[in-house]
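Input: a single structure, listed below in structure tokens.
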């Protein structure tokens, strides 16, 4: 039921923001995007309709492909960008749309947590989300884009999980490293958490950007 609600939200966003923009029928448009590809577009938009001081706080990728992309023409996948304002001490949420500016998204932290089936991942993210109103990702932070991240996750158990679970899907979260583990000495890095999940099993991997370490957070 939660996935159905998510799909309906994406359908509404598409129709209200993208349907009125005609596309040349003979023009080939690449509708697949990576996570980092739309960051500047989101920040530019957020600085005009949310707060002038916003920075990227997190990225949530739902039902990401094996190539680490989502398709803006499909309604069952998305990258949701979380931005943070120090002045407001709050977050706002955006999604890119086809042939238009990124738009504010009704998908928020509560929605994100409701879509995470793995209890260990949910508990970790619940704590992380509570910190993101005051923490953002350093604009100079060095982290891999979603395709490279998925490639890493696949060779660290992801391929095996997908082989054993034919209905498996992939969600992923880019988060400030200090929001995941407050004891870390690294202040400006951002890490990925990749969640492989089926109807009954999951594999959750924490992929650190500072040293490339892949840490299993949960497997069942």
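Listed values, structure above:
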quantity: nm² value of the averaged projected area, convex hull over the Cα atoms of the chain; calculated: 12.3
quantity: Label-point gap, in nm, between residue 74 and residue 110 - each point 7 angstrom along Cα→Cβ; calculated: 2.9
quantity: Alpha-carbon centroid distance for the pair segment 34-61 / segment 182-212, whole angstrom; calculated: 21
quantity: Protection proxy ranking of 156-162, 203-209, 144-150 - average other beta-carbon atoms within 10 Å, highest first; calculated: 203-209, 144-150, 156-162
quantity: Over the chain, relative contact order from alpha-carbon pairs under 8 Å, at least 6 apart, %; calculated: 19
quantity: Theoretical gain in end-to-end length, residue 48 to residue 98 [0.36 nm per residue, Cα-Cα removed]; calculated: 16.0 nm
quantity: Protection-proxy order for peptides 94-101, 124-131, each taking the mean of Cβ atoms within 10 Å per residue, highest first; calculated: 94-101, 124-131
quantity: Length added when fully stretched, residue 127-residue 167, from 0.36 nm per residue minus Cα-Cα; calculated: 11.5 nm
quantity: Segment residue 219-residue 134, extension gain: residue separation times 0.36 nm, minus the distance between their alpha carbons; calculated: 27.5 nm
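Every read-out reported here was derived from the displayed coordinates using simple, explicitly stated rules and does not represent laboratory data. Just so you know, these numbers come straight off a predicted model, no measurement behind them. Neighbour counts run over all protein chains shown; Cβ positions are idealised from the backbone, glycine included.
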